[in-house]
Amino acid sequence: MTEPLRLGIAGLGTVGAGVVKIVRQKAALLEARGGRPIAISAVCARSRVKDRGVPLDSYAWEDDPVALAQRDDVDVFVELMGGSDGPAKAATEAALRAGKDVVSANKALLAHHGQALAQDAETSGAVLRFEAAVAGGIPIVKALTEGLAGNDIERIMGVMNGTCNYILTRMESAGLTYEEAFAEADALGYLEADPELDVGGIDAGHKLALLASIAFGTQVAFDAVELEGIGRVSIEDIRQAADMGYKVKLLGVCQLTGRGLEQRMSPCLVPATSPLGQLDGGTNMVVVEGDQVGQIVMRGAGAGEGPTASAVLGDVIDIARGTRVTTFGQPSSTLVQADAAKTATPAPYYLRLLLLDKPGALAKVAAVLGEAGVSINRMRQRSHDQDTAPVLIVTHKTTRAALDNALSAMVGTGVVEGDPVALRIEQL
C-alpha cells in the first residue's frame, strides 16, 4: 500500500511536538518500517500562536478535538491532551465510533474508561493503542499483549513514576529531607501541575491498573488499586533501610491470588542489590514474572519528549503495517471483573513509630503486635533528648490486615504519638 497513513494529533505539548518532529525528520525510516508513508493531516491544541519548536503551518488546524477526530482526512486520531474526561474522552469516543484507529498517551482516560473505550473500538472495527501511556519509552504493553502472550503472568512489579524515584534517590544520595527533595524536583519541572498525581501514587496507579488488565485478563479497576504516596517517607527511613541493605521505592505490584486481584502502589523496601534497588533518578523499570519465561526486567526512560513520542510512533507503525491487536490483549467481552484483594500476600514490614517516654511503653507496643499475630524480628530504640523516642521494628512475615489491626490498636495504648509508618519489605 502506497497511500499515506494520515494522522490527526490532538495536543501539542512536549509529547505532541515530539511526535511531529519524528514524523518530519524520519519520514523515510517510518515509511520503510511501516510499509507506507506516515503523514500529518491536521492538529489541534489550545493555542495557535505558541512556539513549539517545530513548523506547523503545513497542517490544517482544528480548535475542537472532536472535529479533528471526525475529519475525513484523518485515519488515526493521536490523543495527547490528557485528562480522564472532558475533551480527551469526547474526542476519543468520537474517533472510535467513526471507525478511526486511536493512539493515546492518556493513562488517566484509559484507567477510568478503558473497558468502555475498548468496547467502542471493537464494535466499530478500530484499534485503540496506548503504549505511550505506561512507562514512557519502555515497550511493556507490546511485550504483554504480544511477546509474552503464551505465558500465564504471575506477577508484575515496577517503578513507574520517575519523579518519585528521583525524590527518593536524592533523599538517599544527598541526605535531603522529603521537603527539600520535593522542592528540588519542582524547581526542575518534574512535578505535574497537581503534584499529588506524582507523589500520591495516582499517576503510577493508573499505569498499574492498565498492566493488570492485560496481564490477568481483567477489566481495568483503578478504583481497586491500593494507593499510598511517598509523603510520609523520612530521611530516617531511607537511612535505616540502607543499614539493613534495602532501598525505598514507590513500587507497584499486581498479582492474581486465590483471594482476588491484588493491585498496590506504595513505598516499599527492596533489596539494594536487586535491579529495582539499583534504579536511580527518573528512570522506570517493570519486572514481569511469567510461567514460561521466568522473570524479565525492562528498564528505560519513563517520560520525556523523545521516549514518549517514540512509544506513540511504535503504535502508529503497527497500524501502518496492518497489525490489529485488541486494546487489552483479548476481546473486551472476555475480560472478567476480578474481586479486589487487599494485600493478602504475607511479607515482612518495617515500622517506625514515636513512643512516649513512659515506663512500659515498649512492652505495650510489643504486646499489641503479639495479640494481632504479628511477630517481631528485630527492634531498635533510637537515643533521644525529648519526650518521645523513635522506635524501629522489623516484623516477620505477616498480612497487611493483621498489621493494620495492630496499628489501630496502638492508638488506644496511650504510648504512641502520631501515626506509625509501615513499609512493606518486598520479596524479589
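The values are calculated or read from the model by the stated rules, or taken from the named source; none is laboratory data. What you see is a predicted model; the values in this text were computed from it and never measured. Note that we place each Cβ from the backbone using ideal geometry, even for glycine, and neighbour counts take in every protein chain shown. Ligands, DNA and RNA are excluded from the accessible area calculation, which covers all protein heavy atoms including side chains. Shrake-Rupley method; radii C 1.70, N 1.55, O 1.52, S 1.80 Å.
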Using alpha-carbon coordinates alone, the radius of gyration and Dmax of the range 211-272 in Å work out to 14.2, 41
By how many nm would the segment from Ala149 to Asp404 lengthen if fully extended, with 0.36 nm per residue of separation less the alpha-carbon distance? 88.1 nm
The answer for the per residue Cα convex hull volume of the range 147-186, in Å³, is 92
For the range 193-217 and the range 295-358, compute the distance between their C-alpha centroids and round to whole Å. 7
Binned at 10 Å from 0, what are the whole-percent values of the Cα-Cα distance distribution for the range 290-428, short to long? 9, 26, 20, 16, 16, 10, 3, 0
On the accessible surface of the range 1-143, probed at 1.4 Å, how many percent belong to carbon and sulfur atoms? 48
The Cα radius of gyration of the range 182-250, divided by 2.2 N^0.38 Å with N its residue count, comes to 1.36
Gain in span if fully extended, Thr14 to Arg232, counting 0.36 nm per residue against the direct Cα distance: 75.4 nm
What fraction of the DSSP beta bridges in the chain is antiparallel, stated in percent and rounded to the nearest 5? 65
Above-threshold pairs, the threshold being 28 Å between Cα atoms, out of Lys364/Lys397; Lys247/Lys342; Lys50/Lys249; Lys21/Lys142: Lys50/Lys249
So if I take the centroid of the Cα atoms in the range 51-72 and the same for the range 245-282, what is the distance between those two points in Å? 41
Val293-Glu192 pseudo-label distance in nm [points 7 Å out on the Cα-to-Cβ vector]: 2.8
Which net charge results when you count Lys and Arg as +1 and Asp and Glu as -1 among the other residues whose beta-carbon is under 9 Å from that of Val248? 0
Selected from Gly205, Gly258, Gly16 as most flexible by GNM, with the chain as the system and alpha-carbon contacts under 10 Å: Gly258
What is the gain in length, in nm to one decimal, between Lys358 and Ala32 on full extension, counting 0.36 nm per residue of separation less the C-alpha to C-alpha distance? 109.9 nm
Rounded if a/c under 1.5, otherwise prolate or oblate - the range 22-145, Cα gyration tensor axes: rounded
Estimated D of the range 238-336 in µm² per second, where Rh is the Kirkwood radius over Cα pairs and Stokes-Einstein applies at 4 °C, 1.567 mPa s: 77
What Kirkwood radius, in Å to one decimal, follows from the Cα pairs of the range 101-254? 16.8
